[in-house]
1. Residue 70 passes all but one of (1) part of a helix (DSSP H, G or I); (2) polar (S, T, N, Q); (3) farther than 23 Å from residue 1 by Cβ; which number fails?
2. Of all the residues that make up the stretch 39-49, how many are under 15 Å from residue 65 (Cα atoms), out of contact with any Pro (no Cβ under 8 Å at 6 or more places or on another chain), in contact (Cβ under 8 Å) with a residue 24 or more places away in the chain and not in a helix (DSSP H, G or I)?
3. If we scan the stretch 43-53, do we find a residue that is within 11 Å of the chain's Cα centre (by Cα), surrounded by fewer than 15 Cβ atoms within 10 Å (Cβ to Cβ) and more than 23 Å from residue 1 (Cα to Cα)?
4. Provide a single number: the residues in the stretch 53-63 that are out of contact with any Cys (no Cβ under 9 Å at 6 or more places or on another chain), of a type outside the set (Ser, Thr, Tyr) and in contact (Cβ under 8 Å) with a residue 24 or more places away in the chain.
5. Which members of the stretch 15-25 meet the condition of being out of contact with any Pro (no Cβ under 9 Å at 6 or more places or on another chain) and at pLDDT 90 or above?
6. Mind listing just one residue for me: the one in the stretch 20-31 that is of a type in the set (A, V, I, L, M, F, W, C) and in contact with a helix residue (DSSP H, G or I) (Cβ under 7 Å, 6 or more places away or on another chain) and, of those, farthest from residue 54 (Cα to Cα)?
7. So residue 33 ticks every box in (1) modelled with pLDDT under 90; (2) part of a helix (DSSP H, G or I); (3) hydroxyl-bearing (Ser, Thr, Tyr) but one. Which box is left unticked?
8. For the stretch 1-30, enumerate the residues that are part of a loop (DSSP other than H, G, I, E, B), surrounded by 13 or more Cβ atoms within 10 Å (Cβ to Cβ) and either without any contact (Cβ under 8 Å) to a residue 24 or more places away in the chain or of a type in the set (Gly, Ala, Ser) (or both).
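The values are calculated or read from the model by the stated rules, or taken from the named source; none is laboratory data. What you see is a predicted model, and the numbers here were worked out from it, not measured in a lab. Ideal geometry is used to build each Cβ from the backbone, glycine not excepted, and the neighbour counts take in all protein chains shown.
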Amino acid sequence: MKSSELFVKCLENEGVECIFGVPGEENEDMMMSLLDSSIKFIPTRHEQGAAFMAAIHGRLTGKAGVCLSTLGPGAMNGKFPVCKC
């Protein structure tokens with residue numbers, strides 16, 4: 001079992017229904033592991049938009065809002081919202 005598969009199983013156990021983010025070469029293993037999962041990946045055009053979508057999803061559903069970013073500018077794109085629930 002790859003670490004990305006274990007991570008996806010942990011997210012499923014936490015009740016995560018969807019992940020918002022930008023797919024990229026650096027998170028390809030995670031994307032491949034999501035293919036066999038019940039978790040839906042919702043692609044976005046910008047990491048900041050994905051972070052806002054994950055924050056609002058978490059606030060509205062009471063479940064963990066998950067955002068997946070890529071390496072480089074995506075990870076350093078600043079001003080990600082912090083949920084203070």
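1. (1)
2. Matching residues across the stretch 39-49 total 3.
3. First, the residues of the stretch 43-53 that are within 11 Å of the chain's Cα centre (by Cα): 43-44, 47, 50-51, 53.
Within this subset, residues satisfying the condition of being surrounded by fewer than 15 Cβ atoms within 10 Å (Cβ to Cβ) are 43.
Checking which are more than 23 Å from residue 1 (Cα to Cα) leaves us with 43.
There is at least one residue in the stretch 43-53 that is within 11 Å of the chain's Cα centre (by Cα), surrounded by fewer than 15 Cβ atoms within 10 Å (Cβ to Cβ) and more than 23 Å from residue 1 (Cα to Cα).
4. Here the count works out to 1.
5. Here is the first cut: in the stretch 15-25, the ones out of contact with any Pro (no Cβ under 9 Å at 6 or more places or on another chain) are 15-19, 24-25.
Result: 15, 16, 17, 18, 19.
6. Going through the stretch 20-31, the residues of a type in the set (A, V, I, L, M, F, W, C) turn out to be 20, 22, 30-31.
So of that shortlist, the ones also in contact with a helix residue (DSSP H, G or I) (Cβ under 7 Å, 6 or more places away or on another chain) come out as 20, 22, 30.
Working: 20: 6, 22: 12, 30: 17 Å.
Residue satisfying both the conditions and the ranking: 30.
7. Failing condition for residue 33: (1).
8. First, pick out the residues of the stretch 1-30 that are part of a loop (DSSP other than H, G, I, E, B): 1-2, 14-17, 22-24.
Still in the list and also surrounded by 13 or more Cβ atoms within 10 Å (Cβ to Cβ): 16-17, 22-24.
Hit for the stretch 1-30 is 24, nothing else.
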